[in-house]
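Let me begin by presenting the structure, written as structure tokens, before commenting on it.
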Amino acid sequence: MSVVTALALLVQLGTQLSELARLISTAQSEGRDITEEELNTLVGKDDAARKRLQDLIDAIPDL
Amino acid sequence: MEKIPWYQSAIVRQQIVMILVGLVGVFKISTDVDIDATVTAVLAGIAAVVPVFTLVARLIKANPPLTDTAAANEVRVQEELVAAKATEVPAGPSNEAGFVRASMLALLFTFGVVATVVITPGCAAIGVPQPKTFDQKLAYGYASVASTRDAATVYFRGELASAAALPDAEQRRVKEAAIKKDAINVQEQADNARDALDIARSMKDLDMQSADARLASALQILVALQQYLEKNP
């Protein structure tokens, strides 16, 4: 794996962390909880991440 | 004397990660005016600055060995680099024993974030508010599963590239099969964590105590998955 890919992942993770922090901070400052829509957005991101990993698995030939 | 490109240096990679981790802490904490947070921000700032100096030193200064063992290793590494150049076999970070590879750094960063945010009460240390309500913990859980999958994808992609470089076709096939089995296992464990989160979410309006138990179960799966990946670099 190239270092460029690793750095891209780190930036992505940093962005995810920042988004999550903003989500929680906004909810707490507005005195409300996380909404169902916001949870659905996170679920969608996990679905996309799952597909990326599954595509990688499917691309590996069986022994 | 032979040299390797800067991006193949495990030390440089490690320092870049340190800088990124430090910057995350500094930029997120500095938005709050709070004495404790300010002190933490100063420490985080130091943690970000020190690796910068180390990185600059690694890039522009000579790095003579400090011990006889290191000197002997230096000679060995130079011999291996010359041999690698002659046979066109890639040589790089593996010559710097004691440092993790880029893919493992990414994993460590991910799980460091997961462990800090989800499991410990130290979220404020990296500028993330501590989850207080059930839904906030649920949000952290979903984000953690997604991050785990993304980190695993990058890690296994790196392992596949490493396998592709093997000269023997049989060895290559065996390693690819092992990587596939490993990746499937990670995917299944992440699915288990996700299922537990989904169940917890569906139960929260009916039985909060059971939902809490499911949520705790999901986080335990994530911790187990973290330990599994850390022990199988």
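Amide H to amide H, with H built 1.01 Å from N, B:Gln130 comes under 5 Å of B:Ala124, counting only residues 5 or more places away or on other chains.
The mean number of Cβ atoms from other chains found within 10 Å of a Cβ in peptide A:36-46 is 5, as a whole number. Using θ = phi - 60° in the Karplus curve 6.51 cos²θ - 1.76 cosθ + 1.60, the 3J(HN,Hα) couplings for region B:166-178 round to 5, x, 8, 5, 5, 4, 4, 5, 5, 5, 4, 5, 5 Hz; x is entered for Gly and Pro. For B:Ala71 and B:Asp191, the difference between the fully extended length at 0.36 nm per residue and the C-alpha to C-alpha distance is 38.4 nm.
The phi-based Karplus calculation (6.51 cos²θ - 1.76 cosθ + 1.60; θ = phi - 60°) puts the 3J(HN,Hα) values of region A:14-26 at x, 5, 4, 5, 5, 4, 5, 4, 5, 4, 5, 4, 4 Hz, whole numbers, x for Gly and Pro.
Shape of region B:164-233 from its Cα gyration tensor (a ≥ b ≥ c, root eigenvalues): rounded if a/c is under 1.5, otherwise prolate when a/b > b/c, or oblate? Note, shape of region B:164-233 comes out prolate. Could you pull out which residues in region B:128-145 have an amide N less than 18 Å from a spot 7 Å beyond the Cα of A:Glu37, following the Cα-Cβ vector? Label zone hits: B:136, B:139. With unit charges on the beta carbons (Lys and Arg positive, Asp and Glu negative) and the dipole taken about the Cα centre of region B:125-219, which residue among B:Val154, B:Ala139, B:Leu197 sits farthest to the positive side? Positive-most Cα among the choices belongs to B:Val154. For B:Lys180, neighbours were defined as the other residues whose beta-carbon sits under 12 Å from its Cβ, and their charges (Lys and Arg +1, Asp and Glu -1) total -2. Note on B:Ala83/B:Ala169: beta-carbon distance plugged into 1/(1 + (r/R0)^6) with R0 of 22 Å gives a FRET efficiency of 0.45.
All of the numbers you see were taken from the coordinates with simple rules; none came from a lab. What you are looking at is a predicted structure, and each value in this text was computed from that prediction instead of being measured. Here Cβ is always computed from backbone atoms with ideal geometry, including for glycine, and neighbour counts include all displayed protein chains.
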